[in-house]
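Notes follow once the structure below has been shown.
The values are calculated or read from the model by the stated rules, or taken from the named source; none is laboratory data. Computed from a predicted model, the values in this text were never measured in an experiment. Positions of Cβ are generated from backbone atoms using ideal geometry, with glycine treated the same way; all protein chains shown enter the neighbour counts. Areas reflect the complete protein model, heavy atoms only, side chains present, ligands, DNA and RNA absent. Shrake-Rupley method; radii C 1.70, N 1.55, O 1.52, S 1.80 Å.
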Amino acid sequence: KVTGASAIISKKDKIVRILDLNAFVNYTIEFSDTSLDYISWRFKNKIYQVMVDPNQYKSVYVPIIAVGEISGTVYLKKGQNIQGQGRVTLQIFDEKENKIAETLSEFDGYYSYLGLKPGKYTIRVDSSQLKALNYQSLPATHEIVIKASEDGDIIDGLDFNLIDINPIE
């Protein structure tokens, strides 16, 4: 999307050409991740500002990163029964312990999150939710590394088992 101009995307080489520009004017170019070929690809920056030079073509290189996906299941253990538990909040923290995302488990306990840049992460069940429900999570956390690759990284099997701390006999 370009304000005040028209963009044409070549089907042959995927180059975006922007026409009808005025010289010495800053144009804001906005990209959308939904226009990329693969679901795991993201624009590193979504907005660029470009100054147009008169009577010249200008190349602007736009970096794309491949993001990773995590998935697993949250189980609830009651006595000898184990079943998937829905509506459990899972939090994702970067290596500096900043919360960068959270997701909810589905009705059957399954959860997934797509959009992690390459790096180290910690996944855990929301501690305030655990406290309110009087549950303990085993394991308490999963430590993972999303690796850089052209297609993105997928890490599955990050399961959590919830156990009642004070079960009623």
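Across region 24-38, coupling constants 3J(HN,Hα) worked out from phi with the 6.51/-1.76/1.60 Karplus curve, θ = phi - 60°, read 6, 10, 7, 10, 9, 10, 10, 10, 10, 4, 5, 8, 7, 6, 10 Hz, and Gly and Pro carry x. If I take R0 = 30 Å and measure r between the Cβ atoms of residue 47 and residue 143 in this structure, what FRET efficiency does the formula 1/(1 + (r/R0)^6) give, to the nearest 0.05? Using R0 = 30 Å, I get an efficiency of 0.35.
For the chain, with all protein chains in place and a probe radius of 1.4 Å, 51% of the accessible heavy-atom surface sits on carbon or sulfur.
Classify region 71-127 as rounded, prolate or oblate from the Cα gyration tensor: take a ≥ b ≥ c as the square roots of its eigenvalues, call it rounded if a/c is under 1.5, otherwise prolate when a/b beats b/c and oblate if not. It is prolate, given that a/c is not under 1.5 and a/b is the larger ratio. Distance between the C-alpha centres of region 24-50 and region 96-158: 28 Å, rounded to the whole angstrom.
Taking the DSSP bridge list for region 16-169 and keeping only pairs wholly inside it, about 85 percent are antiparallel. Could you tell me which residue out of 93, 3, 48 lies farthest along the dipole of the chain toward its positive end? Charges go on the beta carbon: Lys and Arg +1, Asp and Glu -1, centred on the Cα centre. The residue sitting farthest along the positive end of the dipole is 3. Computed across region 29-122, the Kirkwood radius stands at 16.5 Å (inverse of mean 1/r, all Cα pairs). Mean separation of Cα pairs under 8 Å and 6 or more residues apart, divided by the residue count, gives region 86-169 a relative contact order of 26 percent. Stretching residue 61 away from residue 107 to a fully extended chain increases their span by 12.2 nm, per 0.36 nm per residue minus the current alpha-carbon distance. Here the peptides 145-154, 14-23 are ranked by packing, the mean other Cβ count within 10 Å, and the order with the highest first is 145-154, 14-23. Available extension along the chain between residue 22 and residue 154 is 43.1 nm, counting 0.36 nm per residue and deducting the alpha carbon span.
Working note: 222 nm ellipticity from helices only, DSSP H runs with n ≥ 4, each -39,500 (n - 2.57), summed and divided by the residues of the chain, gives -1000 deg cm²/dmol to the nearest 500.
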